[in-house]
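The values are calculated or read from the model by the stated rules, or taken from the named source; none is laboratory data. Source: prediction; values computed, not measured. FYI the Cβ positions are ideal-geometry reconstructions off the backbone, even for glycines, and counts take in every protein chain you see. These accessible areas exclude ligands, DNA and RNA; they are computed on the full protein's heavy atoms, side chains included. Shrake-Rupley method; radii C 1.70, N 1.55, O 1.52, S 1.80 Å.
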Amino acid sequence: MANPVLEWAIADSLELLESFYLSSRFSEACVSAFGKEISCEAYHVALAALPPVSVVPDTTLPGAHGAYASNPPRILLAESLLSGPPGLLRDVLLEEIGHYLDDRFNPADSPGDEGAFWAALVQGRSLTAEQLKARKQ
């Protein structure tokens, strides 16, 4: 049975990702988060091929709200997210989608937490000088 909270979060995240693509910040954000520009076609193909999203017991992800697994590609979300603040669910989902995009477009994992960085950029959050410096290392 599908979970309406999860369905909302996925639809909301995809809508936000599409709006972000149309923004003037998209190309720069791709370079900052993933180290390269991403074409329109490649981005939309990647979003259309979003891996399955599974809700797992919190004990499966000790100390984490979510995870991206690359083989086979899938996004795992802690069960407690479904009853928590909707914004947190969307934040975690966007972060894990960022990890998925990095995996899709790069042969090796980008340095740092590119998923969290991507989620912040997509949501228009201000980044501290430390966060920006960490991305450049």
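Here are some notes:
- Filter result for F20 (touching a residue at least 40 places away in the same chain (Cβ under 8 Å) and under 24 Å from L127 (Cα atoms)): yes
- Summed over the stretch 1-12, the residues that are part of a loop (DSSP other than H, G, I, E, B) and open to solvent by 60 Å² or more (accessible area, probe 1.4 Å) give a count of 2.
- Whenever a residue of the stretch 92-112 is free of Cβ contacts under 8 Å to residues at least 60 places away in the same chain, its partners that are assigned to a helix (DSSP H, G or I) and open to solvent by 20 Å² or more (accessible area, probe 1.4 Å), lying with C-beta atoms within less than 8 angstrom and at least six residues away or across chains, give the pairs E95/A116; D109/D103; P111/R135; G112/A134; G112/R135.
- Where E15 falls short, out of the listed (1) charged (D, E, K, R); (2) assigned to a helix (DSSP H, G or I); (3) closer than 21 Å to D113 by Cβ: (3)
- For the stretch 73-92, the condition of being farther than 17 Å from N3 by Cα, part of a helix (DSSP H, G or I), out of contact with any strand residue (DSSP E or B) (no Cβ under 7 Å at 6 or more places or on another chain) and open to solvent by 60 Å² or more (accessible area, probe 1.4 Å) holds for none of the residues.
- Some residue of the stretch 40-57 being touching a Leu at 6+ places or on another chain (Cβ under 9 Å), within 20 Å of R125 (Cβ to Cβ) and either in a strand (DSSP E or B) or acidic (D, E) (or both): no
- Filter result for E28 (at pLDDT 95 or above, out of contact with any helix residue (DSSP H, G or I) (no Cβ under 6 Å at 6 or more places or on another chain) and among the charged types (D, E, K, R)): no
- Candidate set: the stretch 23-39, residues that are in contact (Cβ under 8 Å) with a residue 40 or more places away in the chain and not in a helix (DSSP H, G or I); chosen: the one surrounded by the fewest Cβ atoms within 10 Å (Cβ to Cβ): K36
- Counting only residues that are without any contact (Cβ under 8 Å) to a residue 12 or more places away in the chain and small (G, A, S), the stretch 50-82 holds 2 of them.
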